[in-house]
Every structure is written in C-alpha cells, then in structure tokens.
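Take a look at the structure below.
The values are calculated or read from the model by the stated rules, or taken from the named source; none is laboratory data. For clarity, every value in this text was computed on a predicted model and none was experimentally measured. Neighbour counts run over all protein chains shown; Cβ positions are idealised from the backbone, glycine included.
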Amino acid sequence: MSVKFKSQATADLLMLQAPAEALLRLLGKDNSLGQGILEVKDMPAALRVLHAITDERVELPPSAPVVESSDDAEDDRAPAFGDEPVSLRQRAWPFIQMIEQALAADKPIVWGV
C-alpha cells in the first residue's frame with residue numbers, strides 16, 4: 001500500500017505506507033483513519049523534526065523502519081539498485097521539499113483524500 005500526499009503548491013508525493021506512517025508518527029500525526037492534513041501553521045515545527053532526523057548524528061526512534069540488505073552470500077558483485085538499503089532519513093527528503101514548497105505557497109498538505 002502507499003500514501004499519496006497532495007498540496008495545491010506541489011506535485012503529488014507517493015510514498016510507501018510504512019515509511020509514510022513512520023514520518024507521520026514523528027510529526028505527531030495519527031494515520032489510523034488513513035487521511036489527514038498538515039496545516040501551514042504546523043509546517044515550521046514539522047520541518048525542524050524532519051531536518052533533525054536527516055542529521056546523521058541524531059538517533060532514530062526504534063519504531064522507524066530501516067530497510068537493510070542481507071548478507072546471505074559473500075559475493076564480489078556490486079549490489080543491484082533494488083538491493084541497496086533506503087533509510088527513513090533518505091525517504092524524508094522528498095517530504096521535506098514538499099513541506100518547504102507548500103509553506104512558501106501558504107498551502108496545506110493532505111493525504112488519504
């Protein structure tokens with residue numbers, strides 16, 4: 001499943017459900033109904049939180065998903081693109097950019113509608 005974030009200020013952002021829910025939890029948003037809104041007044045605080053998790057020195061909460069590669073066999077081949085791990089920090093960047101653009105345009109971000 002996926003979550004589609006929408007704003008009148010940006011193109012839609014499609015994110016896998018697990019990372020989207022992890023980011024929303026970090027922002028104090030409940031996605032149990034499958035829909036919600038990030039108001040313009042809440043965006044500066046959301047950006048502070050998301051910028052903090054993109055700082056490599058900040059420890060992510062235990063609930064934050066991190067995709068890890070497996071070491072099943074010792075192989076000299078470079079991993080294929082699909083085998084490379086993607087962290088929550090990396091997945092946050094498009095959402096950060098969306099929030100920055102929506103904040104600049106004074107437009108909210110909604111999901112699940």
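Only one of the numbered conditions (1) under 15 Å from the mean Cα position of the chain (by Cα); (2) at pLDDT 90 or above; (3) of a type outside the set (Phe, Trp, Tyr); (4) not in a loop (DSSP other than H, G, I, E, B) is not met by PRO44, and that is (1).
So, in the stretch 81-99, of the ones that are surrounded by fewer than 16 Cβ atoms within 10 Å (Cβ to Cβ) and assigned to a helix (DSSP H, G or I), which residue ends up modelled with the lowest pLDDT? Steps first, please.
Quick first cut of the stretch 81-99, residues surrounded by fewer than 16 Cβ atoms within 10 Å (Cβ to Cβ) only: 81-86, 90, 93-94, 97.
Right, trim to assigned to a helix (DSSP H, G or I) and you get 81-83, 90, 93-94, 97.
Working: PHE81: 57, GLY82: 60, ASP83: 60, GLN90: 85, TRP93: 91, PRO94: 93, GLN97: 95.
Here the answer is PHE81.
Of all residues in the stretch 1-12, exactly one satisfies the criterion of being closer than 19 Å to SER87 by Cα and crowded, with 19+ Cβ neighbours inside 10 Å, namely VAL3.
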